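Take a look at the structure set out below.
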Amino acid sequence: MLDRHFYDRPVLAVARDLLGVTVRHGPVALRVTEVEAYGGTDDPASHARRGPTPRSRVMFGPPGHAYVYFVYGMHWCFNVVCGPEGTAAAVLIRAGSVCPPRPERDITGLDAPARSGSAGRVDLPGAAGPGAPRIEPNVDGPPPSGPGLPGWASGPGRFARALGVDGGYTGADLTGPGPLSIHRGTPIDDTAVGHGPRVGIRVGTDLPYRLWLLGEASVSRARSVRPR
DNA sequence: TCAATGATAGGCT
DNA sequence: GCCTATCATTGAC
C-alpha cells in the first residue's frame, strides 16, 4: 500500500505516479488510467482557490486522504489529497479499468461496498449534505458498458460509482487500515503517458494538468464544449 | 445538443 | 437569511 510519503510530494509528481496504481475498496479494484492535478490556491480551477471552506477544508489537510465531492446534482468525484499539508493540492481520478479484467468475477463483487454500511465512512461537516444520495454501484440498471468493459469506470462520476465511494468517504485515510486504499502497480514508462489540458472546467484550461495512459480505452475522449 | 439535479459560495438585504 | 450563478458530469435524444 502506498504510504504518506508517496502523497507528500508536488501534486504533478503524485499525479504522474498515480497512473497505473490500483485503488481498492473492499472487493473492488480499479487500475487508474487518467488523472487531473489541482494545485492549491493559485489554481483558478481548484476548489481550494478561495481558501478553506466547509467543502474544501480537507484539501488543506494532510496528504493521503480522500476528498469526495458532489457535483452537478448527481455525480461524485474521487480525489486524493497530496502535497505538504496546507498546500491544498489534490489529484482527481478521472478513469480506471477494472482489475483484474475478469468481468464475470467482478460483477458480484461490485455490490459489496454498498452493502457494507458505514464502514470506512468519515462524517465531516461539509463533506456532503444529509440529503445527498448515497452511491449504489451496479444497482441502477445497465451502465453504458458492463463491469470489466472499458466504459465502466470511464469518467470521474463513473469511476466513483464503480468504486463505491461517495461524500461519506471524504477525509478517509488512504494510508491506514480502512477499506479504501491505493496500491502500487506495474511501473509506467514516460513514453506511455499522455498529457494535456484538463476538461470540464472554464478557467485554468491552459495548464497541462491532465495525465493519462496512452492507448487505454477507458481514458476520457475529448467532448465538444457547450457554449454559454 | 441539451436537460437533469442539488450542493456550494458569493453577493446582497 | 435569501437569491442567484456556477459547477472538476453524464446519459438520452
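No value in this document is a laboratory result; all are computed from the given coordinates. Being a predicted model, the structure only gives us computed values, none of them experimental. Using ideal geometry, Cβ is built from the backbone for each residue, glycine included, and neighbour counts are taken over all protein chains shown.
Taking the Cβ of A:Leu207 as the centre, find all other residues whose Cβ is under 11 Å away and add up their charges (Lys, Arg: +1; Asp, Glu: -1).
Surrounding charge for A:Leu207 is -2.
Could you give me the ³J(HN,Hα) list for the range A:165-182, computed from phi with Karplus coefficients 6.51, -1.76, 1.60 and θ = phi - 60°, whole Hz, x at Gly and Pro?
10, 9, x, x, 8, 4, x, 5, 7, 7, 9, x, x, x, x, 9, 8, 10
Can you grab the distance from the C-alpha centre of the range A:147-200 to the C-alpha centre of the range A:56-90, Å, no decimals?
13 Å
Label points 7 Å out from Cα along the Cβ direction at A:Ala192 and A:Tyr72: separation in nm?
2.9 nm
Which chymotrypsin sites (Phe, Trp or Tyr not before Pro) does the range A:1-72 hold that lie in a coil by DSSP with at most 15 other beta carbons within 10 Å?
Working: sites: A:Phe6, A:Tyr7, A:Tyr38, A:Phe60, A:Tyr67, A:Tyr69, A:Phe70, A:Tyr72; in loops: A:Tyr72.
Passing sites in the range A:1-72 are A:Tyr72.
What is the local net charge at A:Ile188, summed over the other residues whose Cβ is closer than 10 Å to its Cβ (Lys, Arg +1; Asp, Glu -1)? The partial results should precede the final answer.
Numbers: positive: A:Arg16; negative: A:Asp17, A:Asp189, A:Asp190.
After counting each charged neighbour, the total is -2.
What residues of the range A:1-36 lie in the reach of a label at A:Asp173, counting those whose backbone N is under 11 Å from a point 7 Å from the Cα along Cα→Cβ?
Flagged as within label range: A:4.
Pulled fully out, how much extra length does the chain show between A:Leu214 and A:Ile201, if you take 0.36 nm times their separation in residues and subtract their Cα-Cα distance?
That pair, A:Leu214 and A:Ile201, stretches by 2.5 nm at full extension.
Determine, for A:Asp206, A:Asp166, the number of other Cβ atoms within 10 Å of each Cβ, and report the residues in order from fewest to most. Show your work: numbers first, answer last.
Details: A:Asp206 8, A:Asp166 25.
Ranked by crowding around the Cβ, least crowded first: A:Asp206, A:Asp166.
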